[in-house]
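Some notes on the structure that comes next.
We did not get these values from a lab; they are worked out from the coordinates using the rules stated. The shown structure was predicted, so the numbers you read here are calculated from the model rather than taken from an experiment. Positions of Cβ are backbone-derived with ideal geometry, glycine not excepted, and every protein chain shown enters the neighbour counts.
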Amino acid sequence: MKPYYQDSACTIYHGDCQEILPTLPKVDLVLTDPPYGVGLSGKVAKHRGKNNTKKRGDSYTRFDDSPEYIREVVLPVIRAALFIHQRAALTPGARLMWEYPKPDDIGCFFSAAGTGLAKWGFCCFQPILFYGKCPYLAMGRGSRPNSLGQTYPNDANRIDHPCAKPMAQWKWLVNRASLEGGTILDPFMGSGTTLVAAKNLGRKAIGIEIEEKYCEIAAKRLAQEVLNFGAVGE
């Protein structure tokens with residue numbers, strides 16, 4: 001299949017990840033932030049700064065965040081990816097995390113201020129599900145934390161995607177779950193934060209995204225000069 005975008009480090013495929021995934025070579029890490037199954041319809045993002053960022057409208061019409069989509073599309077893809085590849089780090093959100101395959105370890109992004117409402121109040125915990133062996137322990141390079149406190153400012157609010165990820169968090173997770181020179185696969189690429197972080201940190205990456213608008217955003221981000229946000233957690 002012809003890539004939508006390709007450079008020396010990253011490749012983007014535009015299409016259904018259920019069809020594209022079996023055609024790809026084995027990678028060192030599957031790292032993805034799939035929809036959470038919370039029925040996302042709008043967002044007012046408050047962060048440590050003077051402004052609030054509102055995301056509504058067109059971005060949400062292009063983003064299926066229903067529990068049915070998680071069960072019918074996301075979970076089968078994740079199971080297939082785990083069958084093919086040895087290591088994965090997933091951020092599934094808290095609401096449907098129990099429906100994912102049992103992980104080998106669990107970490108989190110923690111925010112004392114909360115990241116949204118849950119059934120018992122503000123949710124301060126966004127889980128990270130780890131599968132396979134820790135790459136650092138496997139190479140005899142010692143133990144590292146499996147979780148991270150939230151970092152500010154939230155630069156993700158500038159990206160035209162309903163659930164883009166903060167770059168500082170994602171650089172930490174790329175560093176934590178992979179080694180330099182490895183290849184990372186994101187089957188639910190979205191706006192391409194995984195690929196940008198991987199490229200900044202000396203990894204290769206493959207992204208799959210079904211919505212062409214987000215492929216375009218990711219390609220533009222990768223085509224720009226790679227920004228040096230600092231290697232958090234290295």
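Would you mind ranking 109, 83 by Cβ crowding within 10 Å, fewest neighbours first?
Listed from fewest to most nearby Cβ atoms, that is 83, 109.
Give the order of 75, 31 when sorted by the count of other beta carbons within 10 angstrom, beginning with the fewest.
Ascending number of Cβ neighbours within 10 Å: 75, 31.
Taking 27 Å as the cut-off for C-alpha to C-alpha distance, list the pairs among 2/199; 102/199; 165/220; 119/199; 26/133 that go past it.
102/199; 119/199
Tell me, in nm to one decimal, what length is gained between residue 6 and residue 98 on full extension, where the rule is 0.36 nm per residue of separation less the Cα-Cα distance?
Taking 0.36 nm per residue and subtracting the Cα distance, the gain is 29.6 nm.
Provide 167, 189 in ascending order of the number of other Cβ atoms located within 10 Å of each residue's Cβ, fewest first.
With the sparsest Cβ surroundings first, the list reads 167, 189.
Count charges around residue 23 for me, please; just the other residues with Cβ under 14 Å from its Cβ, Lys/Arg as +1, Asp/Glu as -1.
Its environment carries a net charge of 0.
Would you please give the residues with an amide H less than 5 Å from that of residue 109, counting only those at least 5 places away or on a separate chain, with H modeled from the backbone geometry?
Residues meeting the amide H criterion: 126, 128, 148.
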